[in-house]
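Bear in mind that the values in this text are calculations on the coordinates, not laboratory data. As the structure is a computational prediction, the values presented were derived from the model and not from experiment. Positions of Cβ are generated from backbone atoms using ideal geometry, with glycine treated the same way; all protein chains shown enter the neighbour counts.
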Amino acid sequence: MQKIISILLLGFCIFLLAQPLKRTLKEQENRFLTPDPSVTIQPATQVRLTGAQLGSKVAASTPSALYAKAYCVMDTASGRLLLSKNEQEPMPMASTTKIMTCILALESDRLDEFVPVSSYAASMPDVQLNIREGEKYRLRDLLYSLMLESHNDTAVAIAEYLGGSVKGFADKMNEKARELGCESTSFVTPNGLDDEKHYTTAKELCMISAYAIQNEDFLKIIQTPQYQFQDQSGKRSFTVNNHDAFLGMYDGAIGIKTGFTGNAGYCFCGAAKRKGRTLVSAVLACGWPPHKTYKWSDTKQLMDYGFEGFQTCDIPLGQDTFNLPVENGRQHTVLVSALSKDTDSVPMPLRIDDVIELKTSLPEKLTAPVRGGDIIGYKELLLNGEILERIPLCTQQDDASVDFPYLFRHALKSVVFS
């Protein structure tokens with residue numbers, strides 16, 4: 001009988017303890033399933049500004065009569081295309097190809113080595129340095145021949161030496177193009193002679209050039225008026241002269257490279273710097289003989305438009321950190337912030353009438369479990385309706401989901417220590 005009474009008393013005690021535990025368990029469950037009302041929900045937001053509101057006071061008239069079939073002028077700091085036409089249409093680019101040939105040679109770290117001349121290199125058509133099979137030339141010297149006089153035989157000698165063959169070097173050119181984000185460019189030759197599989201776009205030629213002019217040795221070469229050198233034996237001497245007339249006709253001109261073939265027409269890729277801003281431009285199929293000067297006229301108009309019609313302003317990126325409620329989460333909230341963004345503004349050349357939009361897209365709440373580092377939204381910067389930047393917004397910590405064992409432990413603690 002005493003044993004039965006003990007069991008009944010134990011059951012009664014458990015029943016008494018279970019009532020507050022049950023109520024507390026329910027309260028804990030409601031607490032975790034219901035987001036904290038003190039946390040501000042961050043819905044999708046949008047901010048709209050004009051160039052004038054951000055400080056731009058300029059807007060030059062757009063050139064109305066350019067000769068080039070495709071053209072582009074780009075601000076190098078921001079990558080913004082300031083004016084363009086058919087800028088993504090693949091087209092032959094003639095000797096502007098040699099910009100890539102030169103930059104790969106400069107980055108090879110072999111400038112003081114001697115380049116042997118093959119019979120194939122010596123057989124290239126005009127324009128030629130007239131190098132001969134079996135001769136050797138210092139690679140550094142050949143780059144002046146390549147860029148100042150645009151010699152086709154020099155280009156092939158360089159390609160064979162650095163790539164093992166013309167095809168091997170073309171592979172390196174294409175690899176570099178992809179590295180720079182040029183997906184519509186295809187190199188077959190190092191000199192730009194006509195080939196149906198050899199092409200680029202005005203935009204991507206600007207991208208390649210913007211990269212090239214960051215190299216101090218490249219800048220030195222394309223701005224040198226005259227250069228003299230010899231072959232390895234010292235028996236033959238050469239003088240090469242810079243034929244880039246843009247250097248002498250435009251204030252702040254940097255260069256870069258002319259080109260012409262019967263298929264490509266006149267081409268030119270130029271660069272200029274004024275008041276801390278650097279622009280690059282490209283004109284493709286800019287007339288055929290006798291209209292050799294069209295490329296200069298177009299380039300000057302593009303540069304004038306870029307310098308006079310835009311003013312660099314800072315675009316604020318707004319809030320970078322958010323707190324989002326987490327349904328069924330142990331921490332109730334999770335911190336969300338922009339991924340790899342170490343600045344609160346973006347400098348951009350703007351016209352008065354440019355329209356800038358900043359869109360932030362986030363869910364109103366998350367559901368546990370949440371993993372730190374997950375991309376859950378984006379901040380987008382748009383200029384005249386086109387996305388300039390898309391910044392991922394990521395969770396900064398984990399938040400595990402609330403399960404029964406977790407609820408039971410919390411409820412038991414509340415009952416025991418209340």
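Between region 333-398 and region 150-173, the C-alpha centres lie 44 angstrom from each other.
Here region 138-268 is assigned +1 on the Cβ of each Lys and Arg and -1 on the Cβ of each Asp and Glu. Its dipole about the Cα centre then comes out at about 240 debye.
Taking θ as phi - 60° and the Karplus parameters 6.51, -1.76 and 1.60, the scalar couplings of region 370-380 work out to 10, 9, x, x, 6, 7, 10, x, 9, 10, 10 Hz in sequence order, x denoting glycine and proline. Amide H to amide H, with H built 1.01 Å from N, Thr50 comes under 5 Å of Ile356, counting only residues 5 or more places away or on other chains. Backbone geometry of region 99-116 corresponds, through the Karplus equation with coefficients 6.51, -1.76 and 1.60 at θ = phi - 60°, to 3J(HN,Hα) couplings of 4, 5, 4, 5, 5, 5, 5, 5, 7, 6, 6, 10, 5, 9, 7, 9, 9, x Hz, x marking Gly and Pro. From most to least packed by mean Cβ count within 10 Å, the peptides 343-351, 106-114, 190-198 give 190-198, 343-351, 106-114.
The H on the amide N of Gly377, modeled in the peptide plane, is under 5 Å from the matching H of Leu393, each at least 5 residues off or on a different chain.
Between Ile213, Tyr227, Thr189, the Cα set farthest toward the positive side of the dipole of region 139-256 (charges on each charged residue's Cβ, about the Cα centre) is that of Tyr227. Only Lys, Arg, Asp and Glu carry charge here, each on its Cβ (+1 for the first two, -1 for the last two); on that basis region 239-332 has a dipole of about 320 debye about its Cα centre. Ordering Leu350, Thr333, Ala368 by Cα displacement along the dipole of region 288-407 toward the positive end leaves Leu350 in first place; charges were set at the Cβ atoms of Lys, Arg (+1) and Asp, Glu (-1). Protection proxy ranking of 148-159, 86-97, by the mean of other Cβ atoms within 10 Å over each peptide's residues and highest first, is 148-159, 86-97. If you add up the charges near Thr189, with Lys and Arg at +1 and Asp and Glu at -1, over every other residue whose beta carbon is less than 11 angstrom from its beta carbon, what do you get? With Lys, Arg at +1 and Asp, Glu at -1, the net is +1.
My understanding is that a pair violates if its Cα-Cα distance is over 18 Å; which of Lys257/Lys295; Lys203/Lys359; Lys220/Lys292 do that in this structure? From Lys257/Lys295; Lys203/Lys359; Lys220/Lys292, over 18 Å: Lys203/Lys359; Lys220/Lys292. Region 184-198 to region 216-294: how many Å between their Cα centroids? First find each Cα centre; the distance between them is then 19 Å.
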